[in-house]
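The values are calculated or read from the model by the stated rules, or taken from the named source; none is laboratory data. Note that the structure is predicted; figures quoted are calculated from it, not measured. Positions of Cβ are backbone-derived with ideal geometry, glycine not excepted, and every protein chain shown enters the neighbour counts. Please note that ligands, DNA and RNA were not included when accessible areas were found on the heavy atoms of the full protein model with its side chains. Shrake-Rupley method; radii C 1.70, N 1.55, O 1.52, S 1.80 Å.
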Amino acid sequence: MAAELHITKVAVGCAEIETLRERLMSRAQAGETFITTRFRPKREGELVGGSLFWIIKHRLVARQEILGFEDDPDGKRCRILLSADLRPVRAHPKRAHQGWRYLAGADAPADLGGDEAEGMAALPSAMAAELSALALI
């Protein structure tokens, strides 16, 4: 993940990563999925190749590569095209916000490794949240 600019977004209505994964995969096709937003990011050219980091329970918990931007068929919204690969990251505290916010590459949390990600997925979400709040994971 060498991109210099990313964005963050709250996963509204998702209490855990699996809920978010199910929501995104319901509209995935050919390894891509999307979200819609009312406002196209002004720095969209810098974001392609970067990631959208998801916030759940005031923590950055996962990311998806940003593949591009396009107008929604209704013409009033913008689609952010994302890789269907939802990657867990080292949980990092982040205040909730509306819409999306920019995140500098230097401030982005690292991906969880293979064994690390499997171990995290096996933890009950309440325990993972507690360990993350204590900065142990």
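A few comments on the model shown:
- Loop-located trypsin sites (Lys or Arg not before Pro) in segment 49-103 (DSSP state other than H, G, I, E, B) with a sparse environment of at most 11 neighbouring Cβ atoms within 10 Å: Lys76, Arg95.
- Val89 long-range amide H proximity, modeled H, under 5 Å: Ala62, Arg63, Leu112
- The share of accessible area on the chain that comes from carbon and sulfur is 51 percent, using a 1.4 angstrom probe.
- Straight-line cross-link reach from Lys76 at under 20 Å between alpha-carbon atoms covers these lysines, not counting any fewer than eight positions away in the same chain: Lys9, Lys42.
- Ligands, DNA and RNA are left out, and with a 1.4 angstrom probe the accessible area of the chain is 57 Å² per residue.
- Heavy-atom accessible area ranking, 1.4 Å probe, most first, across Val89, Val12, Val48: Val12, Val48, Val89
- The spacing between segment 69-112 and segment 1-66, judged by their C-alpha centroids, is 3 Å.
- Structure-based [θ]222 nm, the chain - -39500 (n - 2.57) summed over DSSP H runs of at least 4, per residue, nearest 500: -6000 deg cm²/dmol
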